[in-house]
1. Rounded, prolate or oblate: which fits segment A:179-234 when a ≥ b ≥ c are the square roots of the eigenvalues of the alpha-carbon gyration tensor, with rounded for a/c under 1.5 and prolate only if a/b beats b/c?
2. Output the antiparallel fraction of DSSP beta bridges having both residues in chain A, as a percent to the nearest 5.
3. Which of A:Asn77, A:Asn107, A:Asn28 moves the most in a Gaussian network model of chain A with Cα springs under 10 Å?
4. Quote the relative contact order of segment A:24-156 in percent (integer), defining contacts as alpha-carbon pairs under 8 Å separated by 6+ residues.
5. Can you give the convex hull volume per residue for the Cα atoms of the protein assembly as shown, as a whole number of Å³?
6. Cα to Cα, under 18 Å, and not fewer than 8 places away if on the same chain: which aspartates and glutamates meet these conditions relative to A:Lys212?
7. Under 1.5 on a/c is rounded, so check that first for segment B:97-249, then, if it is not, pick prolate when a/b is larger than b/c and oblate when it is not; a ≥ b ≥ c are the square roots of the alpha carbon gyration tensor eigenvalues.
8. Please compute the average number of Cβ atoms from other chains found within 10 Å of each residue's Cβ in peptide A:94-104.
Number of protein chains: 2
Amino acid sequence: MSTILIFGHKNPDTDTITSAISMSYLQNQLGLKTEAVALGAPNEETQFALDYFKVAAPRIIERASDETKQVMLVDHNEAQQSVDDIKDVEVLAVVDHHRIANFETANPLYYRAEPVGCTATILYKMYQENDIAIPKEIAGLMLSAIVSDTLLFKSPTCTHQDEKVAKLLAEIADVNLEEYGLEMLKAGTNLATKTDEEILDLDAKSFTMNGKIVRIGQVNTVDVAEVLARQASLEALMTEKNAKDGFDLFVLVITNILDSDSVVLAIGEEIAAVEKAFNVTLENHTALLPGVVSRKKQVVPQLTEAF
Amino acid sequence: MSTILIFGHKNPDTDTITSAISMSYLQNQLGLKTEAVALGAPNEETQFALDYFKVAAPRIIERASDETKQVMLVDHNEAQQSVDDIKDVEVLAVVDHHRIANFETANPLYYRAEPVGCTATILYKMYQENDIAIPKEIAGLMLSAIVSDTLLFKSPTCTHQDEKVAKLLAEIADVNLEEYGLEMLKAGTNLATKTDEEILDLDAKSFTMNGKIVRIGQVNTVDVAEVLARQASLEALMTEKNAKDGFDLFVLVITNILDSDSVVLAIGEEIAAVEKAFNVTLENHTALLPGVVSRKKQVVPQLTEAF
């Protein structure tokens, strides 16, 4: 029987990469033969966490069906965020904390989603329920995922469970939660060395909303002005991508992780949806979204509703 | 805040009715304000279980959004099997053991599905995980659900977990598992007093398969010939329903619970899919399907694949 591949979404972030690793370790302890893989290279934040806890980055795959018939998904379920040939493999299990959409199976499966801030928080429970001890380096990676997804507990997606689990994991991983967390987050905000292409792709996901294709990217920074200084060339590339990939709307959410708010930059035929969703008037294609830091909770539902 | 309504699928069976009751009790113990309701009246098998354990049948609703903004689903997820105005309410949680299809949310939610024989088996775990004691009558209803969905452990959908949980529940409910189970199953096979309409609707569900609408009903019996004696009038009504409700195919699975096989009766424009799915030749619109007792595992995936 071929090895079951476990992976998170395209444009992987820290939760997606580390949850594949944590899920694979858990499933292997439970007797399955699985391998954590990834649909892209780790970003700088994730690489910081992997280096810190001395864990190798997962192998990158382009397709799954060439080497396996069965997969498990972490941190996503929507087909357009998954491996391109997802329709050609059987999804055995999903562990996720997002909305469910554009996901369909022919057979019953294990599906575990909870409305918490991070996939790692759900995986922690699964370790507990199965009485599997969490190794120090896995605890460190799970902790990194929670810090990343909740911006050190500042995001409105953060629940008491995430914070409680993060503290327990910090003990196992033997790190100072605040110090390590801020150091890791800052490692991910170095945008100066990134091309426009990299900024737009960093954490971008596509969503289908009432038949329209909406691309939503997000970058974290400690200096929003630094990103907006590149607005003209970013806009040109967003327009180009809309035409090439058929996006009806491209939204870039530029989040200040120190102030906990965001500036939105919107390009495309459906930009009116952005004004409707956030009750703002776009000026020069941008608007300040006070208090908005979470794409999942403060951007996607509002845009879905607007469409 | 309005009471959260919890319900199973249309044409309710024993798992769907009793799991709504068990889920509601659990959620209320956890501090929420919920009510178990149903999308139809209990069938004779379910009524037998409710009477035996002295539990009132849930109130029947036609719509949810008139009285609540939030619901929880048990034993189903596909929109066409749910309340008609499901799009107008928020789904907070799903506990299910079926494939996922035609299900979409705007927000993250609690979704717990496992590939086991019965929703009640998953609910049993949730009681354990939350340290909530199962009252005697709830244990009796959960046990009835497992017996019903697994045909007393004979269905291929039955897992070791279902059987193990059923035995633990039988102790709490203080019943002899085999004796009570067979008595309950037989209570559900009295088809002589049922109209053709009732037989076709008893446990029927609609499925969307590659754009076609497929209606699949199932009846349990200890006398297949008794059902086939009514074939002409059943066929006439199936044809009428196809025209009226836009079904491309109507399949009635007549299952002998003693022999553990089924006769399929198929009517509609897409009956070729039945021959392809089961590798049989329909004679007089019927074919024997040896060993087939589970719609979910032995009928729906095969038809989905054929389409």
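The values are calculated or read from the model by the stated rules, or taken from the named source; none is laboratory data. Here the structure is a predicted model, which is why all the values come from computation and not from measurement. Heads up, the Cβs are rebuilt from the backbone with ideal geometry, glycines too, and the neighbour counts pull from every protein chain shown. Quick note on the areas: whole protein, heavy atoms, side chains included, nothing else; ligands and nucleic acids left out. Shrake-Rupley method; radii C 1.70, N 1.55, O 1.52, S 1.80 Å.
1. oblate
2. Just about 40 percent of them are antiparallel.
3. Top of the fluctuation ranking is A:Asn107.
4. Values: 165 pairs, mean separation 25.2, N = 133.
Over segment A:24-156, the number comes to 19 percent.
5. On the way: hull volume 97.3 nm³, N = 614.
Measuring per residue, one finds 158 Å³ for the Cα hull of the protein assembly as shown.
6. A:Glu78, A:Glu240, A:Asp245, A:Asp248, A:Glu269, A:Glu270, A:Glu275, A:Glu305, B:Glu104
7. Taking the square roots of the gyration eigenvalues as a ≥ b ≥ c, segment B:97-249 is oblate.
8. Mean partner-chain Cβ count within 10 Å for A:94-104: 4.
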